[in-house]
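A quick write-up on the structure given underneath.
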Amino acid sequence: MQQTTSIGGKEFIWMLSGGANKLAAYRQDINDLNVFPIPDGDTGDNMLMTFGSGTAAARRVGNNLGIAAKAAAEGMLLGARGNSGVILSRIFAGITSELNSLSSADLKDIKRGMKAGVKQAYGAVSKPVEGTILTVFKDAVNFAEECDADAGIEKYFESLLDEMGRSLDRTPELLPVLAEAGVVDSGGAGLYYIFEGMKEALENGEDYFSEDVNIGNSAKNSELDFSLFNEDSVLEFGYCTEFLLRLQRAKTDVENFSADELSAYLNKVGDSVVCFKDGSIVKVHVHTKDPGGILRYCQNFGEFLTLKIENMTLQHSEAVKKGDNAQSKLASKKKKKTGIVAVAAGKGLKETFLSLGVDEVVDGGQSMNPSAGDIIAAFDRVNAERIFVFPNNGNVVLTAQQAAELYDKAEIYVVKTKTIGEGYAAISMMETDGEAEDVINGVGEAIEEVVTACVSKANRNAEKNGVSVYNGDYIGFVGDDIISDDRDRNEAAKTLLKKINAGNYGLILMFTGEASNEEEAEKLKKEIEKDYPETEVIVIEGDQPVYDYMFVLE
């Protein structure tokens, strides 16, 4: 087989598509590489939605390598979900940083990009942990660096994959939690499939794609109910208008066209403006009540490659109809001083946070991590000078931090809450009038003292922390520590509470999940009150997925 010595935009997009298709094919296998024996594995989903967002963005802009590389990086940054997704987006941000000014890339360019990807990925994590996707990528890049500069790109990828596989096999040696569960790192496995798909796509070209896998986040894209904007409705929030404009020499001086001047015009007639020029293409995002006027103005300079206009009043009505953020409002013209954004899943949990004064609840949590773009959209709706963000899940913290870095219309402060209980306690104690540092310090003690304990159904046999877990049983746990196992969920809950000394706490909030039984839950409440007469027990219908019961002890 003849070796490829350089790639252009067409080959780059083939490779991205090949990686996305391969990842889609093995998504569930990656989800199943879960160190915890409950059905909450979502690494494959997160990586696919992240990588798929970048691939779809690159596909939309044509076959110029530099433009496609920039689009892929931006798509992954905004589409990043979960820790694995954020790290993956940073890996490709580094890779594409060495490609986005090129019309073609040879092996030296690709090697520089790979090294930049290692640097950006490690820089994204405050305390990098070895034995994860970080190690797998770093080891592979360092090993493949020895590949002859004159070798073909396929040969380089072969070397890269060889070491990536060996490094993946070594991850349980570096992380005891992987060894205990008998699995390799799921993020590293996802990365292996991506690069395997990229290599196969490069080798086979368009013939590689026998079937185009849906790589977008289709799970959350449902049809809007058009009846929510009827003959008597008023356009309150305008239109979200996005397009790619190809500048035309017959209409303007393409080389000297000023995106800054266009941006100034857009800010006069709309808001939430994003406008930048890349070669002869101008990318625009703007919220306006007169998209037609903007389109007519921009057509003075070129023609549209893509165009999307969405009625934000209809979108808002749809969200209210579904019960999502029912008390939230789209941004008013005047910013308020302080806003709060929290992440939670389940109607009852979301309503609980809204009742605490949260402005926007982003739908998400375990097994359904929101993207950076989802969180940024919440920032826009809050419209405050400063916004405090409560991720409420360890796998959402990095995504929230990435959203904060990408957002420049407010000061964003991420409070690193890793459980619903921590978020609940922190927001309950929050005094929003002080300096940001004082606000964050003020909730620190509440976060440290609260305990979140959960009960969920096991989806495989396991041995963890000296507890034998059997597929189909209910297990009680705090963090990564499994504490109880029983065929009966109420018994699993009672054993869990006994072993964490629930009687030492003055209050137990008991959130019931979507799989819970109302009669069982009421029976459990009475038994807890009997066992711990000095502790107040409050039952809230949380409707959360995954967890049958979630206890917050204060």
Of the candidate values (i) 29.1; (ii) 25.3; (iii) 24.6, the one computed for Kirkwood radius over Cα pairs in Å from this structure is (ii)
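In whole percent, what relative contact order does the chain give with Cα contacts below 8 Å and a gap of six or more residues? Spell out each step's value before the answer.
Values: 1149 pairs, mean separation 67.6, N = 554.
Relative contact order comes out at 12 percent.
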For region 409-547, I need the span (max minus min coordinate) of the C-alpha atoms along each principal axis, in Å, sorted largest to smallest.
49, 34, 27
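Quick check: at a probe of 1.4 Å, how many percent of the accessible area of the chain sits on carbon and sulfur atoms? The partial results should precede the final answer.
Values: 11240 of 24730 Å².
Roughly 45 percent, rounded to a whole number.
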Let me know the charge dipole size of the chain about its Cα centre in debye, to the nearest 20, where only the beta-carbon of Lys, Arg (+1) and Asp, Glu (-1) is charged.
1480
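Kindly flag which residue pairs out of Lys289/Lys347; Lys350/Lys418; Lys119/Lys283; Lys111/Lys283 have an alpha-carbon separation exceeding 20 Å in this structure.
Working: Lys289/Lys347 32 Å; Lys350/Lys418 16 Å; Lys119/Lys283 28 Å; Lys111/Lys283 29 Å.
Long pairs (Cα-Cα over 20 Å): Lys289/Lys347; Lys119/Lys283; Lys111/Lys283.
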Under a 1.4 Å probe, what is the accessible area of the chain per residue, stated in Å²?
45
Out of Ala515, Ser263, Gln2 - ranked by how far each Cα lies towards the positive end of the dipole of the chain, with unit charges on the beta-carbon of charged residues - the top one is Ser263
Antiparallel content of DSSP bridges confined to the chain, in %, to 5:
70
Dipole magnitude of region 132-171 about its Cα centre (Cβ charges: Lys, Arg +1; Asp, Glu -1), debye to nearest 20:
260
Project the alpha carbons of region 66-211 onto their principal axes and report the range along each, largest first, in whole Å.
46, 34, 30
Cα-centred dipole magnitude for region 475-554, charges only on beta-carbon of K, R (+1) and D, E (-1), debye, nearest 20
280
Can you give me the distance in nm between label points at Leu174 and Lys525, each placed 7 Å from the Cα along the Cα-to-Cβ direction?
4.8
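The values are calculated or read from the model by the stated rules, or taken from the named source; none is laboratory data. Small disclaimer: the values here were computed from a predicted structure and weren't measured. All Cβ positions, even for glycine, are placed from backbone atoms using ideal geometry, and neighbour counts span all protein chains on display. Each accessible area value is taken on the protein alone, full model and side chains, heavy atoms only, with ligands, DNA and RNA left out. Shrake-Rupley method; radii C 1.70, N 1.55, O 1.52, S 1.80 Å.
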